[in-house]
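S.K.: Here it is, the structure in full.
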Amino acid sequence: MKADRKLLLKTAIGNFAFIASNKGLKAVIGPEGEFGTLEHIINMNFGSLKTDHGELSELREEFLKYSQGSLKSFDYKLDMDGYTDFQVEVWDNLRLIPYGLVTTYGKIAEAINRPRSARAVGQAVGSNPFTIVVPCHRVVGADGSLTGFGHGLDFKEQLLLLEGRSDAGMQKLRTERRKNFKPARKSIRPQIFIKNM
């Protein structure tokens with residue numbers, strides 16, 4: 001179902017935009033430093049959307065509580081129209097990862113009964129349009145390193161520390177010390193992966 005509304009939100013962990021249809025949440029965009037950047041991304045992907053003053057308020061309150069460390073999971077309905085069954089299966093599995101814990105791509109592949117698909121799981125995790133609500137930041141490399149987060153290692157570390165992972169800094173350092181490590185540039189994921197169907 002096509003997106004028809006948006007809500008912009010300033011939080012302790014950055015500025016975000018929620019995009020929704022009548023079926024549920026289509027995307028969480030952010031964090032961004034400026035609301036203008038969020039509006040640009042929204043316009044590129046969805047065109048002009050009305051600002052929601054009602055239905056997204058529950059998610060707004062949940063997201064604020066999460067950013068303050070007092071909410072551990074989200075129950076908001078997602079609109080996954082336009083994505084593959086495999087992506088939806090992976091994202092549903094991500095929602096099962098408990099607050100403050102991490103898992104690996106390989107363990108997710110095993111959990112969905114596709115033990116040889118860790119790389120495909122990584123691609124599905126990387127294309128997750130529901131930042132934080134579907135907690136892709138809780139997925140790490142097999143050696144515990146903070147791999148594959150489109151919003152950068154600093155933000156992934158920040159989220160894991162918020163969730164009480166005191167070892168997040170050490171995991172980040174392990175990642176940066178890898179032989180061929182190259183820091184990721186700011187992701188343009190919203191311009192690539194969001195489906196508006």
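None of the figures in this text is laboratory data; all of them are computed from the coordinates on show. The model shown is predicted, which means the values in this text are computed figures rather than measured ones. No Cβ is skipped: glycine too gets one built from the backbone with ideal geometry, and neighbour counts run over all protein chains shown.
S.K.: Given charges of +1 on the Cβ of Lys and Arg and -1 on the Cβ of Asp and Glu, with all other atoms neutral, how large is the dipole of the range 23-139 about its Cα centre, in debye to the nearest 20?
M.R.: Here the size comes out at about 480 debye.
S.K.: Can you check what the net charge comes to around Arg5, using other residues whose Cβ is under 10 Å from the Cβ of Arg5 (Lys, Arg +1; Asp, Glu -1)?
M.R.: That sum, taken over residues with Cβ under 10 Å, equals 0.
S.K.: May I ask for the percentage of alpha-carbon pairs in the chain that lie more than 25 Å from each other?
M.R.: 34
S.K.: Placing +1 at every Lys and Arg Cβ and -1 at every Asp and Glu Cβ, with all other atoms neutral, what dipole size does the chain have around its Cα centre, in debye to the nearest 20?
M.R.: Value, rounded to 20: 680 debye.
S.K.: Moving to a separate point now. Once phi is turned into θ = phi - 60°, what whole-Hz ³J(HN,Hα) does the Karplus curve with 6.51, -1.76 and 1.60 give for every residue of the range 96-111, x standing for Gly and Pro?
M.R.: Whole-Hz 3J(HN,Hα) from phi for the range 96-111: 8, 6, x, 3, x, 10, 10, 9, 10, 4, x, 5, 5, 4, 5, 5.
S.K.: Measuring from the lowest to the highest alpha carbon on each principal axis, how far does the range 92-146 reach, largest first, in angstroms?
M.R.: 26, 22, 17
S.K.: In the P(r) worked out for the range 1-45, what percent of Cα pairs fall beyond 12 Å?
M.R.: Pairs farther apart than 12 Å: 55 percent.
S.K.: Residue by residue through the range 134-142, which ³J(HN,Hα) values in whole Hz follow from phi under the Karplus form 6.51 cos²θ - 1.76 cosθ + 1.60 (θ = phi - 60°), with glycine and proline marked x?
M.R.: With the stated coefficients, the range 134-142 comes to 9, x, 5, 5, 8, 9, 10, x, 4 Hz.
S.K.: What list of ³J(HN,Hα) values in whole Hz, one per residue of the range 54-65 in order, does the Karplus curve 6.51 cos²θ - 1.76 cosθ + 1.60 (θ = phi - 60°) give from phi, with Gly and Pro shown as x?
M.R.: Once θ is set to phi - 60°, the couplings for the range 54-65 become x, 5, 8, 5, 4, 5, 4, 5, 4, 5, 4, 5 Hz.
S.K.: When the helices in the chain are scored as -39500 (n - 2.57) per DSSP H run of 4 or longer and the sum is shared across all residues, what 222 nm value do you end up with, to the nearest 500 deg cm²/dmol?
M.R.: -10500 deg cm²/dmol
S.K.: Quick one: net charge around Glu163, please, counting Lys, Arg +1 and Asp, Glu -1 for every other residue with C-beta under 10 Å from its C-beta.
M.R.: Net of charged neighbours comes to +3.
S.K.: Right, here's the next one. If I model the range 64-108 as equal point scatterers sitting on the Cα atoms and use the Debye formula, what is log10 I(q)/I(0) at q = 0.15, 0.18, 0.21, 0.27 Å⁻¹?
M.R.: -0.50, -0.69, -0.86, -1.06
S.K.: When only Cα pairs under 8 Å and 6 or more residues apart are kept, what is the percent relative contact order across the chain?
M.R.: Computed over the chain, the figure is 21 percent.
S.K.: For Ala27, enumerate residues with amide H under 5 Å from its amide H, sequence gap 5+ or separate chain, H modeled in the peptide plane.
M.R.: Ile19
S.K.: Evaluate the relative contact order of the range 62-134 (contact order divided by residue number), counting alpha-carbon pairs under 8 angstrom at least 6 apart; express in whole percent.
M.R.: Relative contact order, the range 62-134: 29 percent.
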